[in-house]
Amino acid sequence: MKKTNKGPWLIRILSLFFAVLLFYNANSLSLTNEETNFNELTATAEKVPVNVTYNQDKYFVSGFEQTVSVDLKSPNKILLDKESNAETRSFSVLMDLTKYKEGTHEVPLQIVGLPASIKGTIKPNKLSVTIEKKKSNKFP
């Protein structure tokens, strides 16, 4: 009698098939991108004050908007609501003028203190600023 050994080869082929199937399922980018976009929520923080850093003893700064809007994106609804509310906000918008001299400049803005799970976009992302030397006069 001839004995057939199809059993072990069938199991090896099926296990290879399922291994390849699971590999492509775990590493497929299209499924993870669709899921991420589906869960991402947006909110807008209106009238966020712009903090200006410059040498206040030497210069006078004028001609820029005091507040900006920040578009926020996050999958966490509670954290997004906390950051979009002006009373519970933990981030700020910073304009650093320490490297600029006198004149009119387009200065980029930065978000400082934003939690890692939230992405923020400033609108407008640059502001026009006029920097002048401070002058003082004494009168009798």
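The values are calculated or read from the model by the stated rules, or taken from the named source; none is laboratory data. Quick caveat: nothing in here was measured; it's all calculated off a predicted structure. For neighbour counting, all protein chains shown are included, and Cβ atoms are generated from backbone atoms with ideal geometry for every residue, glycine included.
Numbers at a glance
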quantity: Answer from VAL50, VAL129, VAL68, VAL93 - the residue that is crowded, with 16+ Cβ neighbours inside 10 Å, touching a His at 6+ places or on another chain (Cβ under 6 Å), part of a strand (DSSP E or B) and at pLDDT 90 or above; calculated: VAL129
quantity: Candidate set from segment 96-113 (those that are buried (at least 16 other Cβ atoms within 10 Å of the Cβ) and under 12 Å from VAL48 (Cβ atoms)); member that is farthest from the chain's Cα centre (by Cα); calculated: LEU109
quantity: Test for ALA116: is it within 26 Å of ALA43 (Cα to Cα), more than 15 Å from the chain's Cα centre (by Cα), part of a loop (DSSP other than H, G, I, E, B) and of a type outside the set (Ser, Thr, Tyr); calculated: no
quantity: Condition check for LYS138: of a type in the set (Lys, Arg) and not in a strand (DSSP E or B); calculated: yes
quantity: Residue satisfying condition, being exposed (fewer than 14 other Cβ atoms within 10 Å of the Cβ) and not polar (S, T, N, Q), within set GLU40, GLU83; calculated: GLU40
quantity: Pairs, first without any contact (Cβ under 8 Å) to a residue 24 or more places away in the chain in segment 63-82, second surrounded by fewer than 16 Cβ atoms within 10 Å (Cβ to Cβ) and in a loop (DSSP other than H, G, I, E, B), C-beta under 6 Å, six or more apart; calculated: LYS82/THR88
quantity: Residue match in segment 49-68 (condition: in contact with a helix residue (DSSP H, G or I) (Cβ under 7 Å, 6 or more places away or on another chain) and not aliphatic (A, V, I, L, M)); calculated: no
quantity: Candidate set: segment 114-124, residues that are within 16 Å of GLN66 (Cβ to Cβ) and not basic (Lys, Arg); chosen: the one surrounded by the fewest Cβ atoms within 10 Å (Cβ to Cβ); calculated: PRO124
